[in-house]
Amino acid sequence: MKGRASRRRLATVVLTLVTAASSAAALVSCSTGNGGTGSSSPAGPRPTPPNTSSFSGKLPSALSSAAASARAKASAAASSASAAASAFEASVSAEVARANKAAAAELKKVQGSGNATSDVSLTGKPRAQTGGLVAVVVNITNRTDQKASYAVQVDFADPSGKVVESRIVGAENLDPGERAQPIAISRKPADLKLTPRVAKAQRY
């Protein structure tokens, strides 16, 4: 009888220990779950904040970039126009260049439009021959009965009538009835709509 009682007590102790161990395991499982739902899957990795040490703290300005681009294009257009005019004028003889310089000096003495506007007219020059620039043939005819020289100022005006550029050409020692045809070339960008006109013409 004593042996049976001892075995029963031992079995009861073992059962108690097993039950306690199971309860502890269940508690651990619940404590490590996600939001108390009983799930034991580990939480996903947290996002890492960006490293701002290389940030400039200043965003590029679209307006600034557009303005800079416009300035660069305008500068390039002006440079191109000047280069085209220089290339075209390089074909003009040294004698014509000297006459133009003398004409410029003469026009500095002139008040008003001068004494020879009726002896001068303008004819358009095809842009295909001038690198796309606005250019005109200045037709000068000596309508007097004596040899004479001429100085002519051609103004180039925009659509509003504002003069944006002036060019001076000359012709020297024309005999009575003789005609000269120097060329006045604008150095402004070719896309501008310019109207040439005789501003001054002096016979001397």
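Could you calculate the contour length gain from Gln111 to Ala190, that is, 0.36 nm times the residue separation minus the distance between their Cα atoms, to one decimal place in nm?
Full-extension gain reported as 25.3 nm.
For segment 140-204, just the Cα set please: Rg and Dmax, both in angstrom.
When restricted to Cα atoms, segment 140-204 yields Rg and Dmax of 13.9, 43 Å.
Quick one: putting +1 on the C-beta of Lys and Arg, -1 on the C-beta of Asp and Glu, what dipole do you get for segment 95-187 around its Cα centre, in Debye to the nearest 20?
280 debye
If we sort 133-143, 185-195, 105-115 on the protection proxy, mean other Cβ atoms within 10 Å, highest first, what's the order?
Taking the mean over residues of other Cβ atoms within 10 Å, the ranking is 133-143, 185-195, 105-115.
Quick check on my link table: of Lys108/Lys193; Lys125/Lys193; Lys162/Lys188; Lys108/Lys188; Lys101/Lys162; Lys125/Lys147, which ones sit more than 21 Å apart, alpha carbon to alpha carbon?
From Lys108/Lys193; Lys125/Lys193; Lys162/Lys188; Lys108/Lys188; Lys101/Lys162; Lys125/Lys147, over 21 Å: Lys108/Lys193; Lys108/Lys188; Lys101/Lys162; Lys125/Lys147.
Here, each number is a calculation from the coordinates, and none is a lab measurement. These numbers come from a predicted model, not from an experiment. Heads up, the Cβs are rebuilt from the backbone with ideal geometry, glycines too, and the neighbour counts pull from every protein chain shown.
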